[in-house]
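K.L.:
My structure is below; once you've seen it, I'll send some questions.
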Amino acid sequence: MHDLLELGFKVGTGSIVGLPGHTVEHLADDILLAKRLGVHMVSASPFVPASRTPLENYPQGSVPLTLRAIAVSRLAMPEALIPSVSALEVGNPGGQSAGLQAGANVLTVNFTPEDHRSNYLIYGSKRHVVTLQHVRDVLNGNNLRMGGSWWIAASENQNTGRQ
């Protein structure tokens, strides 16, 4: 990551909260490492076990602990991009809104056409797929508006009419 940052790449990292063997101390170390490295994006996602994997029988990660990790990350890295990840919605409707309220400032949209999702194992039965309409609903419910991409230069956003 040091080399990527030195070369000028935008770099992100994160933690899977509740991953078997991953402790609260590891989570704190992950956040401190992200801060020390000066990464651009840091995420926290609750572990969601997937069927037919070695971890399928482990419990799902804690959403409240994930929200605390988001809040601590925001305090540690006020300028960072912090996503409110789709896994916050698994078994917890409104989880992405809670992520924004905890300090997240990014939602991502999944544009994989529905008829192609079966081609990718990542779309297991427990996966919450974030559609553009879902993002609009979450933003409206939190009195927020959609912005342009931070990854694209501001001048490019202006040229495309994005805000």
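K.L.:
Per DSSP H run of at least 4 residues, take -39500 (n - 2.57); add these up for the chain, divide by its residues and hand me the 222 nm value, nearest 500 deg cm²/dmol.
P.N.:
Numbers: 6 runs with 58 residues, N = 163.
Mean residue ellipticity at 222 nm (helix-derived): -10500 deg cm²/dmol.
K.L.:
Here's a follow-up. Just how far, in whole angstrom, is region 1-77 from region 92-118 if you go by their alpha carbon centroids?
P.N.:
That distance is 16 Å.
K.L.:
Explain nothing, just compute: Karplus ³J(HN,Hα) = 6.51 cos²θ - 1.76 cosθ + 1.60, θ = phi - 60°, for every residue of region 58-74 in order, whole Hz, x for Gly and Pro.
P.N.:
7, x, 5, x, 6, 5, x, 5, 4, 5, 5, 5, 4, 4, 5, 4, 4
K.L.:
Calculate the translational D of the chain in whole µm² s⁻¹ from Stokes-Einstein, where the hydrodynamic radius comes from the Kirkwood formula applied to all Cα pairs, the temperature is 37 °C and the viscosity 0.692 mPa s. Please report the intermediate quantities before stating the final value.
P.N.:
Working: Rh = 17.0 Å.
Using the Kirkwood radius from Cα pairs, D works out to 193 µm²/s.
K.L.:
State, to one decimal in nm, how far the label point of residue 117 lies from the label point of residue 144, with both points 7 Å from Cα in the Cβ direction.
P.N.:
Placing both labels 7 Å along Cα→Cβ, they lie 2.1 nm apart.
K.L.:
I need the phi-derived Karplus couplings for region 45-57: 6.51 cos²θ - 1.76 cosθ + 1.60, θ = phi - 60°, integer Hz, Gly and Pro marked x.
P.N.:
Couplings: 9, x, 4, 10, x, 10, 5, 6, 10, x, 9, 4, 9 Hz.
K.L.:
Turning to a different aspect of this structure: Could you list which residues have their amide H under 5 Å from that of residue 44, counting only those 5 or more apart in sequence or on another chain, with H placed in the peptide plane?
P.N.:
So residue 44 has HN proximity to 15.
Just so you know, all these numbers are worked out from the coordinates, no wet-lab data involved. Computed from a predicted model, the values in this text were never measured in an experiment. Here the Cβ is made from the backbone with ideal geometry for all residues, glycine too, and neighbour counts use every protein chain on show.
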